[in-house]
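Any read-out appearing in this document is the output of simple, stated calculations on the displayed coordinates, not a laboratory observation. Keep in mind it's a predicted model, so treat the numbers as computed, not measured. No Cβ is skipped: glycine too gets one built from the backbone with ideal geometry, and neighbour counts run over all protein chains shown.
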Ligand code: 13P
């Protein structure tokens, strides 16, 4: 492992005013998104959609540091035969790859999941590196269900262990790991419970990263923010979310980590931007805070495009706008 090179890539992923476009929806997930806009999901329509985004020059050159791809996309060519990965590189952005293989039920832990995909990961990482990927992503999913006494320490522990195994394998393959322990915001819990569970998850995750000798300078953390569950009927102000999230991260995330790139997790476009902006207005942050949004960057362009070639420019304008808003938020310079 060459730590200086890993650190250089990690720093570039969170360069000032830039963040990450999470375009790594699995085929079933992107099909769900396409269904919502009346588009049939085929190899070709998925290619056309992603090509539209990667050719949105202003977004890709000014605001997007890197793109997380799904396995299908990293091997696909644009309509004119140019590999999609080349479009990303030509825009000066870094290609990345989702390497987990989704979740499975965790035995003896009803309602809980473990992320899988470690078998043969070392070989897969070699192929992805050769294809141009310089960072990767692995998402662990932790649900909160107070009635079901979820999450269990078992689920937190095995998911953190897998994140550690994945991160160590990535660094050995000269790939920067994005470590994503996502505490879901679907439940009926309040912001205090989200804060408490996320704190525990982050602490156990960093224990595992240390145990498995992951170099913190060569990774990026992708966490959720501290927010009330969607079914709680409760709201928190933008300032409260920002203050709680930063407090939680300061207590758990060593300053050696170059950057934190948040997931949007089901927040609206504007909420995700406002929260990021408010956090970046807080003084003395030890790491760069930016976005690694999927839905909060893509919902607007998907709608504007709606699968029609005549809407490509409108789709690109929508992506450029959201990327620019989040770029401003990553500097604490966004205005509602
Ligand atoms: P969302 O921003 O839609 O949560 O997606 C980010 C991501 O990569 C989830 O793994």
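Considering only 117, 315, 294, the Gaussian network model of the chain with Cα springs below 10 Å gives its largest mean-square fluctuation to 117. DSSP beta bridges fully contained in the chain are about 15 percent antiparallel.
Can you give me the Cα centroid spacing of the stretch 50-99 and the stretch 244-274 in angstrom? That distance is 24 Å. The calculated FRET efficiency for residue 210 paired with residue 82, based on their beta-carbon distance and R0 = 30 Å, is about 0.10. Beta bridges assigned by DSSP with both partners in the stretch 1-119 are antiparallel in approximately 30 percent of cases. Result for the chain in a Gaussian network model with C-alpha springs under 10 Å: among 77, 224, 326, the largest mean-square fluctuation is at 77. Computed from label points 7 Å out along Cα-Cβ, the spacing between residue 240 and residue 308 is 4.2 nm. The stretch between residue 104 and residue 131 holds 6.9 nm of extra length on full extension. This uses 0.36 nm per residue minus the Cα-Cα distance.
Summed over qualifying helices (DSSP H, 4 residues or more, each -39500 (n - 2.57)) and divided by its residue number, the chain shows a 222 nm mean residue ellipticity of -14000 deg cm²/dmol.
Note on residue 32 and residue 285: the extension gain reaches 87.3 nm, defined as 0.36 nm multiplied by sequence separation minus the Cα-Cα distance. Gain on full extension, evaluated as 0.36 nm per residue between residue 61 and residue 333 minus their Cα-Cα distance, stands at 96.0 nm.
Of all the options 323, 23, 57, the one that moves most in a Gaussian network model of the chain with Cα springs shorter than 10 angstrom is 57.
Within the stretch 289-314, what residues put their amide N at less than 20 Å from the label point 7 Å along the Cα-to-Cβ vector of residue 44? Residues 305-313 qualify, since their backbone N sits under 20 Å from the label point.
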